[in-house]
2 protein chains.
Amino acid sequence: MRHVSESERLALAALTRVAEPGEVAMVALVDQLGAEEVVRAIRAGTLPSDKLPAYAARLRAAHPEVDLVHVARRAGRLVCPGDLEWPTQLDDLGAQRPLALWVRGAVDLRQGAVRSVSMVGSRAATGYGEHVAGEMAAVIAERGWTVVSGAAYGIDSAAHRGALAVEGVTVAVLACGVDVAYPRSNAALLERIAAEGAIVSELAPGCSVTRPRFLARNRVIAALTRGTVVVEAAVRSGARTTAKHAVDLGRHLMVVPGPVTSAASAGCHVMLREYAGAAQLVTDGAEVLDLVGSVGDDLALPRRGPETVDDGLDADTRQVKEALPKRRAAPVDRIALKAGLHVPRVLASLAALETAGLAERVGDYWRLARPIDEVSDAARTP
Amino acid sequence: MRHVSESERLALAALTRVAEPGEVAMVALVDQLGAEEVVRAIRAGTLPSDKLPAYAARLRAAHPEVDLVHVARRAGRLVCPGDLEWPTQLDDLGAQRPLALWVRGAVDLRQGAVRSVSMVGSRAATGYGEHVAGEMAAVIAERGWTVVSGAAYGIDSAAHRGALAVEGVTVAVLACGVDVAYPRSNAALLERIAAEGAIVSELAPGCSVTRPRFLARNRVIAALTRGTVVVEAAVRSGARTTAKHAVDLGRHLMVVPGPVTSAASAGCHVMLREYAGAAQLVTDGAEVLDLVGSVGDDLALPRRGPETVDDGLDADTRQVKEALPKRRAAPVDRIALKAGLHVPRVLASLAALETAGLAERVGDYWRLARPIDEVSDAARTP
């Protein structure tokens, strides 16, 4: 663990205002020269970058000491690579990694993100999508996993709320400053997330959202977590970029299907078709934890229908049971004819059925022990 | 093509009443001795089978000449292996193949089944499932493909009706005699299927349904077609046995997802999870035809969202566009600061944006050429 000096932290704070998220050239320069030297070189006009004029202009407008104090008043700090709180899984992004992360909140980001799942989806979510996202997030959070999302309307909000509802931990990764309430009407939700979880951004305080920032933010959501769940996504949706990052990073990509008649699920179905090998269809929180959890831990139970009484019977005995009359009892040879079996085998089966309480003897005749509804969907138990 | 003699046809007609569907031992005996010799051996009590007494009793009750005449009066016939009308793809079943098929209807079974898809699913279907099955069947039938199903309530009926609605060909494979209306309230539908398509069964006329017969019937549905589409299926459902047969036979297995909150789709989701490699998620008829159709034929168009104006722009120009004020125009250096780019690059991007009709010059100042709604779901076009 490398010690981050205060001057380095100040330099990184300044650079979060100078460079846009995901600018690999800037990360490469910081790796090569160190953040303090990059700042000096921008001021001196000697940084080897074609963006130097823009960097210089932005640096002149930067006041990192003010930013650090401003954020500290809101339970915030700048988490830098090398800090104990730095989530090292972000290093999987290579030169696409954030320079540093502004964090506001009660939760230690590294601790909180060790066992975490992101849930993303459409802003224009349906009641179905919000319901499923909320339920899944609650199950995931209840099992001690952190739910990471983007605090947008729709699926994001439902995921955060689902985790908060069970007093779980949730983390919002923003495409604006950690002190900016965007979307504005999610201000109260954002404050709750900060109070009980964490709000994270690679952008300096006060920065506003832009479309490229949304897209760059999605790589952080994917990298921070062990897997990404997409709940509803239109064919053209930001959630698909998060999904792509998850696959590229070797994280689990989990997708919730929906009605094929719903445009809000169309992007999910495209992903399940296109990423056939890489995307997993999931239907509940337990299946999500089954994928991201350690082996033997957090396992989903395989889905089984209710056992039917026929399950324990061999094929011939099932055949005999089918041949039994429902009401008026029949002689053994007539049952044997109907079942297509010879009499000794039928007698053995009848004995087994009687023991199981399924056949009833009336003198020398036999019938079903209880009435069965007309032959119906094999899905139903008799 | 082997000629089927009338005495052989009579013998096979009798055996469809003697053996249960899918009795591999009977098929093996017919392959070995010939159908006429098997009938003789049953009568003589010399057939090497532990089911001989049952076979003999059933044979005594069989009247194959009567059956053939009875069915012929209903536009029916017994199609035997070797007949021109025999669908040779059933031979993929090996010893599980039907002995012969009773067919009623206007359509030649072999011709009708060359390009065919089966659609199966829950009897207890929802409005969603019936709607999707009907629409898919209509698209498939409209493109000249035959829709094969089982004439049950729910998905089966919706599939048949969808094909009939576009005057397409549909085939019902029954688990009872071709002259038996089961379920009874589908009698009118069955008569329409017979009039415009075909009704098929390996059971002799008058035979009634049993659960083993339903399960055995499903292998014929799977084998007859190039692929099986499951629309809705409970976790425990007969449709899953059809799906299993399709996979085992190397046919396409296609599954329609649904809401994860719907028990009627739970079996579909289990299949998509369990047969991850073998099952394909499909959302419409075109995707089905894409899978079962010949290469270059019946292809589904890949789903794409609407193109956005941003699609043709490079990353820097998109960044500049994001930095443009919506209303009050700004000088180039302020836009460059906001975009994090140097002025010459910004000027080049502004020229490109102006050409694309996206930026507007106001004296030396610039703004967006038209108002854009607040930053919204990437799914929407600006």
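The values are calculated or read from the model by the stated rules, or taken from the named source; none is laboratory data. The structure displayed is predicted, hence computed values, not measured ones. Don't worry about glycine lacking a Cβ; one is built from the backbone with ideal geometry, like all the others, and counts go over all protein chains shown. Ligands, DNA and RNA are stripped out before the accessible areas are found, and what is left, the full protein with its side chains, is counted by its heavy atoms. Shrake-Rupley method; radii C 1.70, N 1.55, O 1.52, S 1.80 Å.
Assorted remarks:
- Residue match in the stretch A:142-157 (condition: surrounded by fewer than 24 Cβ atoms within 10 Å (Cβ to Cβ), part of a strand (DSSP E or B) and away from chain B (no Cβ under 14 Å)): no
- The set of residues from the stretch A:166-216 being over 18 Å from A:Val71 (Cβ atoms) and crowded, with 24+ Cβ neighbours inside 10 Å comprises A:Val169, A:Thr170.
- Residue in the stretch A:36-59 that is within 30 Å of B:Arg345 (Cα to Cα), open to solvent by 20 Å² or more (accessible area, probe 1.4 Å), of a type in the set (Gly, Ala, Ser) and under 34 Å from the mean Cα position of the chain (by Cα) present: no
- Among (1) at pLDDT 95 or above; (2) within 11 Å of chain B (Cβ to nearest Cβ); (3) under 20 Å from A:Ala222 (Cβ atoms) - the single one A:Arg251 does not satisfy: (2)
- Residue check, A:Ala106 open to solvent by less than 70 Å² (accessible area, probe 1.4 Å) and aliphatic (A, V, I, L, M): no
- Only one of B:Val120, B:Val132, B:Val139 that is within 14 Å of chain A (Cβ to nearest Cβ), open to solvent by 20 Å² or more (accessible area, probe 1.4 Å), under 18 Å from the mean Cα position of the chain (by Cα) and in contact (Cβ under 8 Å) with a residue 60 or more places away in the chain: B:Val139
- Count - residues of the stretch A:336-367 that are of a type in the set (Val, Ile, Thr) and crowded, with 22+ Cβ neighbours inside 10 Å: 1
- Scanning the stretch B:254-263 for residues that are surrounded by fewer than 24 Cβ atoms within 10 Å (Cβ to Cβ) and either more than 8 Å from chain A (Cβ to nearest Cβ) or within 20 Å of B:Ile140 (Cβ to Cβ) (or both) returns B:Ser262, B:Ala263.
- Candidates A:Pro48, A:Pro64, A:Pro21, A:Pro53 - the one that is within 14 Å of chain B (Cβ to nearest Cβ), touching a Leu at 6+ places or on another chain (Cβ under 9 Å) and under 24 Å from A:Val220 (Cβ atoms): A:Pro21
- Residue match in the stretch A:295-311 (condition: more than 7 Å from chain B (Cβ to nearest Cβ) and at pLDDT 85 or above): no
- The listed residue being open to solvent by 10 Å² or more (accessible area, probe 1.4 Å) and among the aliphatic types (A, V, I, L, M), out of A:Ala113, A:Ala95, A:Ala100: A:Ala95
- Taking the stretch B:109-131 as the range and being in a loop (DSSP other than H, G, I, E, B) and farther than 22 Å from B:Ala187 by Cα as the test, only B:Arg115 passes.
- Complete set of residues in the stretch A:266-286 that are within 8 Å of another protein chain (Cβ to nearest Cβ), of a type outside the set (A, V, I, L, M) and crowded, with 23+ Cβ neighbours inside 10 Å: A:Gly267, A:His269, A:Thr283
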